[in-house]
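What follows is a set of notes on a single structure, which appears directly below.
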Amino acid sequence: SVDVEPVGACHRRIDVPLRCLIVDDNARFRESMRDLLESEGLVVVGTPASGAEAVRIARELRPDLALVDIDLGEESGFDVVRMLDNEVRPPPRLILISTHDGREISELVAASGALGFLAKLDLSAATITELLARVDGAGPR
């Protein structure tokens, strides 16, 4: 018989950066948020301005996460969340973002299929990973 010692590398967690989509109709916000999140270690794979563009990019690039603005001009971010959830396989993890106070829209967010909500002023790699960790700790949605 041969004794085999487990190798530490087999048990080490490998941190792979989250691949993120930013769905917002404001080009300046998309670019500044891309710069911020990438400087903090996330990979932004696309910055679509509409739901149709978000679905197309998500199908092609398969991001881990989509940050979706609630107010997308002519479109509702809630509708875009449903589109991404229903039309992309596997769907990205979905987080709604807005300048609105989260307390004002908490029931809508809860019913949307998104994992949660982050205020645009609070957006960072840290707040995103904290929200994902809270959701993961709570079990399936």
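The values are calculated or read from the model by the stated rules, or taken from the named source; none is laboratory data. Only a predicted model underlies this, so the values are computations on that prediction, with no experimental measurement involved. Note: ideal-geometry Cβ built from the backbone for every residue, glycine included; neighbour counts use all protein chains shown. Each accessible area value is taken on the protein alone, full model and side chains, heavy atoms only, with ligands, DNA and RNA left out. Shrake-Rupley method; radii C 1.70, N 1.55, O 1.52, S 1.80 Å.
From the list 81, 55, 68, exactly one residue is in a strand (DSSP E or B) and in contact with a helix residue (DSSP H, G or I) (Cβ under 7 Å, 6 or more places away or on another chain). Which is it? Exactly one residue qualifies, and that residue is 68.
Scanning segment 19-42 for residues that are among the aliphatic types (A, V, I, L, M), closer than 18 Å to residue 131 by Cβ and open to solvent by 40 Å² or more (accessible area, probe 1.4 Å) gives a single hit, 36. The residues on offer are 43, 4, and the sole one that is modelled with pLDDT under 95 and among the aliphatic types (A, V, I, L, M) is 4.
Within segment 29-52, the set of residues being in a helix (DSSP H, G or I) and of a type outside the set (Phe, Trp, Tyr) comprises 30, 31, 32, 33, 34, 35, 36, 37, 38, 39, 51, 52.
Kindly provide the set of residues from segment 84-93 that are part of a loop (DSSP other than H, G, I, E, B) and more than 13 Å from the chain's Cα centre (by Cα), ordered by number. Answer for segment 84-93, where residues must be part of a loop (DSSP other than H, G, I, E, B) and more than 13 Å from the chain's Cα centre (by Cα): 88, 89, 90.
Would you check which residues across segment 126-141 are open to solvent by 80 Å² or more (accessible area, probe 1.4 Å) and either under 18 Å from residue 40 (Cβ atoms) or at pLDDT 85 or above (or both) and list them? Hits for segment 126-141 are 130, 134, 136.
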